[in-house]
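What follows is a set of notes on a single structure, which appears directly below.
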Amino acid sequence: MDALATSILNRIIRRIPNKNIESLLKKWNCLSADQLRALDYTRPKWMIVEHIVSFCEENRLNLKHITTLEMIYHIENPNQGTWHACQLAEAQDDAVCVELTQFKEQFKAHLHGVIRHISIKMKKHEDEAIWIRIAWGDNFSKPNHLKPTYVVHHLHTSYVFISNLMVKHKIFLCQALVIATKHGYIKDGHLSTRSLTAMRDLLLRHYQQVFPNEHSRIPQERNTLSSHPCIGKEHGDHEEMRHQMSCEAFGHSPSPKLETAVYRLETRYRGNGNNTLSDREEFFRGVVRFSSSSLLDSLRHCVASGMAEGPVTPLLSAIIQRGRNYFVITDKSPGVSSQASAQRA
Amino acid sequence: MALLTPFSKVPELNTATVLLVENEEELQSKLANALVQYKKDFNVNVRLARKLPLPVENKETRPRIDLIVFVVNLLSERSLQSVESSLAHLHSDCFLGKVCFLVTDARCGSHTQERLVSVRKLAASHQCPVLCAEHRTVDGVNAAAVRLLNILKVSAGMSPIATTALYLSSLTRCSVTSDLEED
């Protein structure tokens, strides 16, 4: 096993807590049962890595197997690094008939055709997601396995999730995806998070949505506390209405865990305090950034507890309804004071 | 403007009702549980509200309110402002012993001291007592509930000795001393 494979193996094993190494190696299925039993996970990490390297050399494993291990590790722990969403558009008529083998062949064929040295690995996960690992080289140098790009796509949906892609390779990847899925073009989804599961739940609508409804209200979780018959709430109706409004805007708990929402403002300053800033022709450029460990839960709590006045502004509810967390807000028409509207950048 | 009046309804037998008004709605539910579960010899009804005025829809079903407690969280500016605006919706008869202020977090930080002074001035101008409570532990909530029950008992007229709410309030009302006034 060469130095590159060893360093990749080292990197993977160092990141995982010792108790998870065993299950990962079992899934990998490249070491024999005896070898797995012989590993002692209470030892320090560098010893465990040395043992595994020696077993790999016994079994004559090479870089290909190590990259498979890395891929399995990423599939099991998808919520690291930064993921970006892209959306495929203009599906052709036979886009729904694209099968897995066809997708794989076309994707690989295109990329191998444009770049001489490239390493592509594809794996289908049990939840219908196709994971693709790409190590990019160019016409002169070998593929760089230390900085692979990961792409996740659910066939027949229009979303693709990409992590760790360099700008110079973006055009090749986009072309390959468009050709393999038989769409017209691909565009930026304006959604980026650390957690792939959150992004997937948000875009594929796997969270619990709440629809506006005249009659039924959602039962609140806090009902247990005030069930004593002697305790009465004066503003009970208002509370329910606020809860309903907040869940309509941000989904019922638990919501997908987004971390940030960024609004880039290109509007005119309209406050009445500052004379030097208002009445200017050029735009007042600013960036508003919301950060939280779970942004949608925080916003929902703000509205449900009455800290923020309802109804919820469409700028915030657009996060979940349009599935994006980067917005550019511009004025509708220059010179006329009108409401700012969110547009796609 | 519909004001909350203390004597417009008939009292129920052996029952007292307390209205807890709090902008954040955190302490009031814990306090309500402590109040109804504490062992006492009369019934207690608790009404929870965020601010005054109370919704008109509940006017018929609402029992006579014997004590109104304003819960102020000294860490939040909005809490005090909400209480100040709610005070305008009380009939002046209420201030004869039926209003009480409960403040929390009085020991945390410097802004709370300024707000505590404002609350005390507000209470003194309305002749009402100020209680300080510690709301983060179960014992603190229970202690505050016991103190409120004592005041409630007198305000509802259930104290065995002939103590009226007015008499109690003149004993317990907050006074602003001269050193506070110099600030």
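Segment B:73-87 and segment A:12-28 have Cα centres lying 54 Å from one another. Other protein chain C-beta atoms within 10 Å of residue C-beta, averaged over B:24-36: 3. A DSSP coil position with no more than 14 other Cβ atoms inside 10 Å describes the following trypsin sites (Lys or Arg not before Pro) in segment B:103-138: B:Arg107, B:Arg136.
Taking the Cβ of A:Leu165 as the centre, find all other residues whose Cβ is under 14 Å away and add up their charges (Lys, Arg: +1; Asp, Glu: -1). Don't jump to the answer; show the numbers that get you there.
Working: positive: A:Arg133, A:Lys147, A:Lys168, A:Lys170; negative: A:Asp188.
With Lys, Arg at +1 and Asp, Glu at -1, the neighbours total +3.
Between rounded, prolate and oblate, where does segment A:83-203 land on the alpha carbon gyration tensor, with a ≥ b ≥ c its root eigenvalues, rounded for a/c under 1.5, else prolate if a/b exceeds b/c?
Details: a/c = 1.57, a/b = 1.21, b/c = 1.30.
Oblate shape, in that a/c is at least 1.5 and b/c is the bigger or equal ratio.
By the rule of a C-alpha distance below 30 Å, with chain neighbours fewer than 8 residues away ignored, the lysines paired with B:Lys9 are A:Lys233, B:Lys30, B:Lys39, B:Lys40, B:Lys51, B:Lys59, B:Lys98, B:Lys153. Decide, for segment A:3-76, between rounded, prolate and oblate: order the square roots of the alpha carbon gyration tensor eigenvalues as a ≥ b ≥ c, take rounded if a/c falls under 1.5, and otherwise choose prolate if a/b is larger than b/c, else oblate. Taking the square roots of the gyration eigenvalues as a ≥ b ≥ c, segment A:3-76 is rounded. Among B:14-25, B:141-152, A:312-323, A:122-133, the peptide with the highest mean count of other Cβ atoms within 10 Å heads the list, and the full ranking is B:14-25, B:141-152, A:312-323, A:122-133.
Could you line up A:Lys257, B:Lys39, A:Lys142 from fewest to most neighbouring Cβ atoms inside 10 Å? Walk me through the numbers on the way to the answer.
On the way: A:Lys257 20, B:Lys39 4, A:Lys142 12.
The fewest-first ordering by Cβ neighbours comes to B:Lys39, A:Lys142, A:Lys257.
Under the rule a/c < 1.5 gives rounded, and otherwise a/b versus b/c splits prolate from oblate, where does chain A land using the Cα gyration tensor? Cα axes put chain A in the prolate bin.
Working note: Karplus 6.51/-1.76/1.60 with θ = phi - 60° gives segment A:189-201 the couplings x, 6, 9, 9, 9, 7, 9, 5, 5, 5, 5, 5, 4 Hz, where Gly and Pro are set to x. At a Cα cut-off below 24 Å, give the lysines reachable from A:Lys147, other chains included and same-chain residues fewer than 8 away excluded. The qualifying lysines are A:Lys27, A:Lys45, A:Lys64, A:Lys104, A:Lys108, A:Lys121, A:Lys123, A:Lys124, A:Lys168, A:Lys170, A:Lys187. Sites listed here are GluC sites (Glu not before Pro) in segment A:68-107 whose DSSP assignment is loop and whose Cβ has at most 11 other Cβ atoms within 10 Å: A:Glu99.
For B:Lys9, what charge total do you get from the other residues with a beta carbon under 15 Å from its beta carbon, if Lys and Arg give +1 and Asp and Glu give -1?
Details: positive: B:Arg47, B:Lys59, B:Arg62, B:Arg64, B:Lys98; negative: B:Glu12, B:Glu60, B:Asp66, B:Asp93.
Computed value for this residue: +1.
Please get the size of the charge dipole for the protein assembly as shown, origin at its Cα centre, with Cβ charges of +1 on Lys and Arg and -1 on Asp and Glu, quoted in debye to the nearest 20. Intermediate values should be presented prior to the final figure.
Numbers: 63 positive and 55 negative charges, 251 e Å.
That gives the protein assembly as shown a dipole magnitude of about 1200 debye.
For A:Lys19, the aspartates and glutamates whose Cα comes closer than 16 Å to its Cα, not counting residues fewer than 8 places off in the same chain, are A:Asp40, A:Glu76. Summing charges over neighbours of B:Ile151, with a neighbour being any other residue whose Cβ is under 15 Å away from its Cβ, gives +4 when K and R count +1 and D and E count -1.
Read-outs throughout are calculated quantities, based only on the coordinates presented, and are distinct from any laboratory measurement. This one's a predicted model, so the numbers in the text were calculated from it and none came from an experiment. Cβ atoms come from the backbone with ideal geometry, glycine included; neighbour counts cover every protein chain shown.
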